[in-house]
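Take this structure, written in structure tokens, and hold onto it; I'll ask about it next.
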Amino acid sequence: MKIKQKTAIELFVIQQVRQKRIFLNYSQEDVASFIDKTRGFIGQVESPNHPAKYNLNHLNKIAKEFNCSIQEFFPDKPVF
């Protein structure tokens, strides 16, 4: 069974969340609690080799907890 690779935009958003998480000194477990998931789920999201990813509801909750705009997770221009 072939694992579906994450797209460039998905990887970009995940990386932005990860960088902000680390900058704000939040753990994967902290982020998991914000979105009512497990720490393992966050690890899977942050792994480029696993198909798990954030949805818009997750990103909205994370932005609320990070006290930032959800727009901070998205690029200014399309990603190819």
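From the phi of every residue in the range 52-62, what ³J(HN,Hα) in whole Hz does the Karplus formula 6.51 cos²θ - 1.76 cosθ + 1.60 yield, where θ is phi - 60° and glycine or proline is x?
Going residue by residue, I get 4, 8, 6, 9, 4, 5, 4, 4, 5, 5, 5 Hz, with x marking Gly and Pro.
Right, another one. Can you tell me which lysines have their Cα less than 19 Å from the Cα of LYS6? Leave out same-chain residues fewer than eight positions away.
Those lysines meeting the cut-off are LYS53, LYS77.
Ok, one more. What 222 nm value per residue comes from the helices of the chain, counting each DSSP H run with n ≥ 4 as -39,500 (n - 2.57) and dividing by all residues, nearest 500 deg cm²/dmol?
Working: 4 runs with 42 residues, N = 80.
After summing the helix terms and dividing by residue count, I get -15500 deg cm²/dmol.
What relative contact order, as a whole-number percentage, does the range 8-73 give when Cα pairs under 8 Å and 6 or more residues apart are counted? Before the final figure, lay out the partial values.
Details: 52 pairs, mean separation 23.2, N = 66.
With pairs under 8 Å counted, the relative contact order is 35 percent.
Quick check on the exposure proxy: order LYS64, LYS53 from fewest to most C-beta atoms within 10 angstrom.
Working: LYS64 11, LYS53 15.
Fewest-to-most ranking of LYS64, LYS53: LYS64, LYS53.
Now for a separate question. Can you compute the FRET efficiency between GLN16 and ASN57 using 1/(1 + (r/R0)^6), with r the Cβ-Cβ distance and R0 = 22 Å? Round to the nearest 0.05.
Numbers: r = 17 Å, r/R0 = 0.76.
The calculated FRET efficiency here is 0.85.
Over all directions, how big on average is the projection of the convex hull of the alpha-carbon atoms in the chain, in square nanometres? List each step's numbers first, then the result.
Working: hull surface 21.6 nm².
Averaging across all directions leaves 5.4 nm² for the Cα convex hull.
Please work out the FRET efficiency for the pair ASP76 and ASP36, using the Cβ-Cβ distance as r and a Förster radius of 30 Å; give the result to the nearest 0.05.
Working: r = 30 Å, r/R0 = 1.01.
Working from the Cβ atoms, E equals 0.50.
Grab the Cα-Cα distance for ASN67 and SER47, subtract it from 0.36 nm times how many residues apart they are, and report the gain in nm with one decimal. Walk me through the intermediate numbers first.
Numbers: separation 20, 0.36 × 20 = 7.20 nm, distance 2.46 nm.
Gain in length upon complete extension: 4.7 nm.
The numbers here are math on the coordinates, done by the rules we state, and not lab data. The structure presented is a predicted model; accordingly, all values stated were derived computationally and were not measured. Every residue, glycine as well, gets a Cβ built from its backbone with ideal geometry; the counts of neighbours run over all protein chains shown.
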